[in-house]
1. After finding the eigenvalues of the alpha carbon gyration tensor for the stretch 114-163, what semi-axes result from the square roots of 5 times each, listed largest first in whole Å?
2. Once label points are set 7 Å from the Cα along Cα→Cβ at both W47 and A133, what is their separation, rounded to one decimal in nm?
3. Using alpha carbons only, how many angstrom separate the centre of the stretch 137-161 from the centre of the stretch 88-128?
4. Pull up all non-local amide H partners of R74: gap of 5 or more, or a different chain, and H-to-H distance under 5 Å with H placed in the peptide plane.
5. Would you grab the residues whose amide H sits under 5 Å from the one on V110? Only those 5+ places off in sequence or on another chain, please, with H modelled 1.01 Å from N.
6. Can you tell me the length gained on complete extension of the stretch E115 to Q75, counting 0.36 nm per residue apart and subtracting the Cα distance?
7. Is there a quick way to get the dipole size of the stretch 85-163? I mean about its Cα centre, with the Cβ of Lys and Arg at +1 and of Asp and Glu at -1; what is the value in debye to the nearest 20?
8. Based on the alpha carbons, how large is the Rg to Rh ratio for the stretch 98-141 when Rh follows Kirkwood?
Amino acid sequence: MKSVAVCFVCLGNICRSPTAEAIMREQVERASLADHIVIDSAGTGDWHVGEPPDKRAQAAAQRRGYDLAPLRARQIAAEDFDRFDLLLAMDEVNLGNVRALCPPGSESKVRLLMEFAEHWDVREVADPYFGGAEGFELVLDQCENACRGVLEHLRVALGLAAA
Ligand code: 4NP
């Protein structure tokens, strides 16, 4: 079977996109598709490169059984448009920033994560960085739902029937 690769993209790669990465990894492992779906995350900014995820994001994720501790922030790079089949931005600003870096021909790979959510009629995963603890819970709620939609999309891309 072929494989597909998805990269979640936010601003700092320390709150939203590492959270989405860990959730996606868990869902993909549960679906026994870890050998066929490559998962990563990146930030459009470079302020936090090399750092582990934000402590608040780690704590909120840990309470739901996701371990963000091994992840390290990196900045999106030109090669990512070759490496990944889907680049999923957390909000409109980051969507614009990713599109600005996107080489001609790869535009259809760049989408908003929340396009894949079933239970949310919003386009963005709000930036929790300058807010309170409830913002991190909302990020988890949104990413858990949207990643299920991403997984169904990738099943189709892999030629598998929807679960
Ligand atoms: P993220 O959150 O994009 O979800 O990782 C942020 C992290 C850092 C900053 C802003 C948002 N910052 O301004 O440093």
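1. 27, 9, 8
2. Inter-label distance under the simple model: 2.4 nm.
3. 14
4. Under 5 Å from the amide H of R74 lie the amide H atoms of G43, G50, each far enough along the sequence or on another chain.
5. L87
6. 12.1 nm
7. 420
8. Value, to two decimals: 1.09.
The values are calculated or read from the model by the stated rules, or taken from the named source; none is laboratory data. As the structure is a prediction and not an experimental result, all values here were calculated from the model. When we count neighbours, we look across all protein chains shown, and the Cβ atoms used for this are built from the backbone with ideal geometry, even at glycine. Only protein heavy atoms, including side chains, enter the accessible area calculation; ligands, DNA and RNA are left aside. Shrake-Rupley method; radii C 1.70, N 1.55, O 1.52, S 1.80 Å.
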